[in-house]
Amino acid sequence: MKKSPALFYKSISVVLVTVILVGFVWISLVRINHRLDFSTLWAYKYRLWQGFKMTLIMAFASLLVSLLLGSVAAMAQKSRFLVLSYLAKIYIQIIRGTPLLVQIFFFFYIIGTAWGVDNRYLAGVLILSLFEGAYIAEIIRGGLESIDESQFELAKAVGLTPAKTFRLVTFPLLMARILPALTGQFASIIKDSSLLSVIAIPELTQITQEISADNYRLFENYFFLGLLYFVMTFAVSLITRHLERMYKHENSAG
Amino acid sequence: MKIVLDKICKSFAGKTVLKNVCYEDDFNALAVIGPSGAGKSTLLRIIGGLLPPTSGDLYLDGIKVSFSEKELLAHRRTIGFVFQTKGLFEHLTALENVMLPLIHSFQLDKAEAAERARELFARFGLEEEGHKYPHQLSGGQQQRIQIARAMAIKPKLLLLDEPTSALDPELTAEVLDMLGELQAGGLKTIIVTHEMGFAKKACEKVVFVADGTVVESGDSRQIFTEPQTKALQAFLNKVLEWQP
């Protein structure tokens, strides 16, 4: 058992790290002769709030759809129908191997236009879900593979039906393994949603770009934008930590 | 219990594990012995309905076991199975492990299941362990809880796959004592084991499996004192070499 360091030592270290980081940024600003002034941002508070909400909505909607897509792709990969299995594997490989920005342009302007998807919010959620779904499929596949085969044989031996095996054994074991990774993926979705600004969805990044065209305070605007994203992802990482602890409590043998 | 194995074969991806296993006997406690990799565990899984044979038939008390998935479910519910290791659900406590089959395979309500599980834990001296998760339990405790789980469903036959091979001698004795007590109480068992002492004393019948087939079988007294085949003689010489 590692002894936790003394409170005094801890607080000194926190202060030191803060001084180093803030000092570094401050000196950098001095070197380029820039004085930060956030006061102009106040006037845009309503639009920023709208953008903040839009980012959360896009991220939440994409989380749900990408979970569905990821589960289907993870299952399809293991399918005995080769067409399905190949399709899932190629989907995961291509999506994970190309930049989100390219995918957004491709799916929005080519596929979206060809098939008449002209609601950009719907398109945004679908494209982001398609992207994140490939990562979630890999998380789920890894989780399934990490479950010991003995657990399934045991389920058979005690006379569980396949449906009950899934509900009582596979699902809880899988969740315990992948929940931390899934919440981490949610933080990625929040950040990745910033790229949806290129198809003019009024989320935080798009709003910030519009504000910048109005007040010319680029540094301050993007600094603040980063802070807002950090608030969201930090909240998610707190949840992750909580879930990890819950998981450990039940199964420290991993 | 009467058992008939009629020309049972099993292969995995072209590799033959069991070939033409034939055996017929009436037993209370049957020990399956033989060298590692001979197919003992595979044979036990076929009897327990966990694996279908590639060909051949299995009869228990004169009734042919059907290996269609639907009927296997019913077959498995009449049998208790104890695994070599990792035989408990890792996300459930010891008590929940015993209760789960009662509730979900036997439709008992939760209170009844908890009652029956607690009775068994008390009987086997496991009261302290009820709320622990498998990783918090010793190997011996895990095996005894597995046996308790198998007993909870009042099986017509208990199958054990090397239940003590991962345990040290003290824990082995703990598990075998429990098993001996159950056998004395009339429970029908088939055990795959490397514990020759247990096979000799606690099981009245023995089957010797080598190279994927039954080489010799009979009363345990006779098997251990007058082995007929060369293979069994060689096997016994080897495993009994360091026995007191």
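The values are calculated or read from the model by the stated rules, or taken from the named source; none is laboratory data. On a predicted model such as this, the values are computed, not experimentally measured, just so you know. Cβ atoms come from the backbone with ideal geometry, glycine included; neighbour counts cover every protein chain shown. Surface accessibility is based on the protein's heavy atoms, side chains included, excluding ligands, DNA and RNA. Shrake-Rupley method; radii C 1.70, N 1.55, O 1.52, S 1.80 Å.
Residues that are buried (at least 20 other Cβ atoms within 10 Å of the Cβ) and either touching a helix residue (DSSP H, G or I) at 6+ places or on another chain (Cβ under 7 Å) or under 15 Å from B:Met196 (Cα atoms) (or both) within region B:206-216 comprise B:Val206, B:Val207, B:Phe208, B:Val209, B:Ala210, B:Glu216, listed in sequence order. Let me spell it out: the conditions are (1) of a type in the set (A, V, I, L, M); (2) open to solvent by 70 Å² or more (accessible area, probe 1.4 Å); (3) under 14 Å from the mean Cα position of the chain (by Cα), and B:Val32 meets all of them except one. Which number is the exception? Every condition holds for B:Val32 apart from (2). Looking across region B:100-113, just one residue is more than 9 Å from chain A (Cβ to nearest Cβ), without any contact (Cβ under 8 Å) to a residue 40 or more places away in the chain and under 16 Å from B:Ile145 (Cα atoms), and that is B:Ala113.
Just to check your reading of the model, which residue among A:Ser146, A:Ser188, A:Ser150 is surrounded by fewer than 18 Cβ atoms within 10 Å (Cβ to Cβ) and more than 14 Å from chain B (Cβ to nearest Cβ)?
Answer to the selection: A:Ser188.
Working only within region B:132-163, note down all residues that are in a loop (DSSP other than H, G, I, E, B), over 11 Å from the mean Cα position of the chain (by Cα) and more than 12 Å from chain A (Cβ to nearest Cβ).
Step one: list which residues in region B:132-163 are in a loop (DSSP other than H, G, I, E, B), which gives B:132-133, B:137-138, B:153-156, B:162-163.
Right, trim to over 11 Å from the mean Cα position of the chain (by Cα) and you get B:132-133, B:137-138, B:153-156.
Correct list: B:Ser138, B:Lys154, B:Lys156.
Of the residues making up region B:86-101, not one is within 12 Å of A:Lys156 (Cα to Cα) and open to solvent by 40 Å² or more (accessible area, probe 1.4 Å). Across region B:57-85, the number of residues qualifying as open to solvent by 60 Å² or more (accessible area, probe 1.4 Å), acidic (Asp, Glu) and more than 9 Å from every other protein chain (Cβ to nearest Cβ) comes to 2. Using beta carbons and a limit of 9 Å, which pairs, at least six apart or on different chains, have the first residue in region A:18-38 and closer than 18 Å to A:Tyr222 by Cβ and of a type outside the set (Val, Ile, Thr) and the second one modelled with pLDDT under 95 and surrounded by fewer than 10 Cβ atoms within 10 Å (Cβ to Cβ)? Matching pairs, first to second residue: A:Leu29/A:Arg35. Kindly evaluate A:Ala155 against the criterion of being at pLDDT 95 or above, away from chain B (no Cβ under 13 Å) and at negative phi. Against the criterion (at pLDDT 95 or above, away from chain B (no Cβ under 13 Å) and at negative phi), A:Ala155 does not qualify.
Looking at this structure, is B:Glu128 part of a helix (DSSP H, G or I), open to solvent by 40 Å² or more (accessible area, probe 1.4 Å), more than 14 Å from every other protein chain (Cβ to nearest Cβ) and at pLDDT below 90?
On the way: part of a helix (DSSP H, G or I): yes; open to solvent by 40 Å² or more (accessible area, probe 1.4 Å): yes; more than 14 Å from every other protein chain (Cβ to nearest Cβ): yes; at pLDDT below 90: no.
So B:Glu128 fails the test.
Restricting A:Val102, A:Val125 to those that are part of a helix (DSSP H, G or I), open to solvent by 60 Å² or more (accessible area, probe 1.4 Å), β-branched (Val, Ile, Thr) and over 30 Å from B:Phe89 (Cβ atoms) reduces the list to A:Val102.
If the condition is being open to solvent by less than 30 Å² (accessible area, probe 1.4 Å) and in contact with a Leu (Cβ under 7 Å, 6 or more places away or on another chain), then region A:195-220 contributes A:Leu196, A:Glu203, A:Leu204, A:Thr205, A:Ile207, A:Thr208, A:Ser212, A:Glu220. Only one of the numbered conditions (1) in contact with a Cys (Cβ under 7 Å, 6 or more places away or on another chain); (2) open to solvent by 60 Å² or more (accessible area, probe 1.4 Å); (3) of a type outside the set (Gly, Ala, Ser) is not met by B:Leu5, and that is (2). Just one of (1) under 19 Å from B:Ile3 (Cα atoms); (2) touching a Leu at 6+ places or on another chain (Cβ under 9 Å) fails for B:Gly197. It is (1).
Kindly indicate whether A:Leu69 is open to solvent by 80 Å² or more (accessible area, probe 1.4 Å), outside any loop (DSSP other than H, G, I, E, B) and either acidic (Asp, Glu) or at pLDDT 95 or above (or both). Steps first, answer last, please.
Numbers: open to solvent by 80 Å² or more (accessible area, probe 1.4 Å): no; outside any loop (DSSP other than H, G, I, E, B): yes; either acidic (Asp, Glu) or at pLDDT 95 or above (or both): yes.
The answer is no for A:Leu69.
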